[in-house]
Ligand code: BTN
């Protein structure tokens with residue numbers, strides 16, 4: 001969906017006024033005909049905006065809880081909005097390949113082929129928040145995983161700030177509430193040996209999604225709070241938080257922040273990484289975001305990527321019992 005400048009200006013004027021604005025005032029302010037104002041108001045109503053029309057003029061009664069570009073003043077031109085799409089990752093990749101700027105955001109209300117990490121499916125029904133952010137960081141590709149850390153810190157910080165819920169982080173980049181996953185992050189990079197062209201970060205948040213009772217490893221913001229949230233307010237706050245965190249990308253503070261929020265550190269873990277399985281105690285992360293694991297024999301191993309399973313207690317490498325999977 002393309003941002004329509006007239007619709008954007010009408011909404012801005014109605015919001016600023018807070019009451020009634022006549023068609024004539026709007027048409028003078030925007031330098032367009034009253035018929036055009038009427039047509040664009042009709043189109044806004046079709047988008048879900050409730051606009052009262054009376055002899056006193058037009059009044060904005062309410063806005064829909066959709067993540068329409070008009071709901072993010074100042075960012076409208078960066079947002080590509082879909083009511084449904086295969087995956088925001090695919091659309092963002094296309095845009096990034098064609099040279100779209102840093103900070104481009106692809107948002108969809110639902111996805112039909114949402115992708116998770118490790119080639120898993122990411123169920124994306126309406127009510128969730130699904131978006132991909134295009135970043136062009138000036139860093140070595142070796143440090144690209146720090147972007148996942150940064151975004152996961154931003155998501156946890158936003159949940160904590162807005163809802164006072166104790167959001168925590170599970171390596172590599174899951175956000176949990178009471179041990180259940182509420183948000184997943186998927187990053188795709190396009191790079192040469194030492195230059196990053198773009199990193200697209202896909203963020204999926206179970207916001208107002210209903211999670212079946214039998215599902216013990218997943219939650220939603222609605223489930224944790226017992227009420228629906230305003231997705232556009234959450235997304236707006238999250239985008240601001242990501243912007244605030246961005247200058248910290250290569251700073252030690254980012255790692256410190258991540259460690260404070262981490263539920264993986266000091267846990268016994270099984271990491272199923274490409275080509276190997278590592279079992280031991282997670283003791284730290286390094287500057288590239290790799291997890292450092294101390295094996296039972298005392299040797300240190302690093303995991304750059306993979307599936308992380310928190311074990312309830314220390315178990316021998318061969319024991320596959322006592323596992324808590326998230
Ligand atoms: C994970 O496996 O934990 C990562 C899930 C990432 C899902 C998001 S939703 C928005 C973006 N589009 C996708 O297809 N995937 C990511």
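Overview of values
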read-out: Residue ID - surrounded by the fewest Cβ atoms within 10 Å (Cβ to Cβ), chosen from residues in the range 57-74 that are under 15 Å from residue 231 (Cβ atoms) and out of contact with any strand residue (DSSP E or B) (no Cβ under 7 Å at 6 or more places or on another chain); value: 64
read-out: Options 83, 108, 54; residue that is touching a residue at least 12 places away in the same chain (Cβ under 8 Å) and either within 15 Å of the chain's Cα centre (by Cα) or surrounded by 16 or more Cβ atoms within 10 Å (Cβ to Cβ) (or both); value: 108
read-out: Unique residue being within 30 Å of the chain's Cα centre (by Cα), surrounded by 16 or more Cβ atoms within 10 Å (Cβ to Cβ) and not assigned by TED's automatic domain parsing to the domain that holds residue 106 when the list is 44, 26, 21, 30; value: 44
read-out: Residues of the range 136-149 satisfying the condition of being surrounded by fewer than 24 Cβ atoms within 10 Å (Cβ to Cβ) and within 16 Å of the ligand (Cβ to nearest atom); value: 144, 145, 148
read-out: Subset of the range 67-80 [more than 16 Å from the ligand (Cβ to nearest atom), under 16 Å from the mean Cα position of the chain (by Cα) and not in a helix (DSSP H, G or I)]; value: 68, 72, 75
read-out: Filter result for residue 139 (assigned to a helix (DSSP H, G or I) and either in contact with a strand residue (DSSP E or B) (Cβ under 9 Å, 6 or more places away or on another chain) or in contact (Cβ under 8 Å) with a residue 40 or more places away in the chain (or both)); value: no
read-out: Number of positions in the range 206-249 that are within 15 Å of the ligand (Cβ to nearest atom) and within 22 Å of residue 102 (Cβ to Cβ); value: 4
read-out: Which listed residue, of 99, 116, is out of contact with any helix residue (DSSP H, G or I) (no Cβ under 9 Å at 6 or more places or on another chain) and without any contact (Cβ under 8 Å) to a residue 40 or more places away in the chain; value: 99
read-out: Cβ-Cβ under 6 Å pairs, at least 6 apart or on other chains, the range 164-184 side without any contact (Cβ under 8 Å) to a residue 60 or more places away in the chain, far side more than 12 Å from the ligand (Cβ to nearest atom) and outside any strand (DSSP E or B); value: 175/156; 177/165; 177/219; 177/224; 182/219
read-out: Of all residues making up the range 119-135, the number that are surrounded by fewer than 16 Cβ atoms within 10 Å (Cβ to Cβ) and touching a residue at least 40 places away in the same chain (Cβ under 8 Å); value: 1
read-out: Qualifying positions in the range 193-222 - surrounded by fewer than 20 Cβ atoms within 10 Å (Cβ to Cβ) and touching a residue at least 12 places away in the same chain (Cβ under 8 Å); value: 193, 194, 195, 197, 210, 211, 216, 217, 218, 222
read-out: Verdict on residue 92 being touching a helix residue (DSSP H, G or I) at 6+ places or on another chain (Cβ under 6 Å) and either under 19 Å from residue 200 (Cα atoms) or modelled with pLDDT of 95 or more (or both); value: no
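For every residue, the table says whether it meets (1) touching a strand residue (DSSP E or B) at 6+ places or on another chain (Cβ under 7 Å); (2) within 11 Å of the ligand (Cβ to nearest atom); (3) under 20 Å from residue 196 (Cβ atoms); (4) not in a strand (DSSP E or B).
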| position | (1), (2), (3), (4) |
| --- | --- |
| 95 | yes, no, yes, yes |
| 99 | no, no, yes, yes |
| 113 | no, yes, no, yes |
| 118 | yes, yes, no, yes |
| 127 | no, no, no, yes |
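The values are calculated or read from the model by the stated rules, or taken from the named source; none is laboratory data. Because the structure is predicted, anything quoted here is derived from the model rather than measured. Glycine gets a Cβ as well: all are built from the backbone with ideal geometry, and neighbour counts include every protein chain shown.
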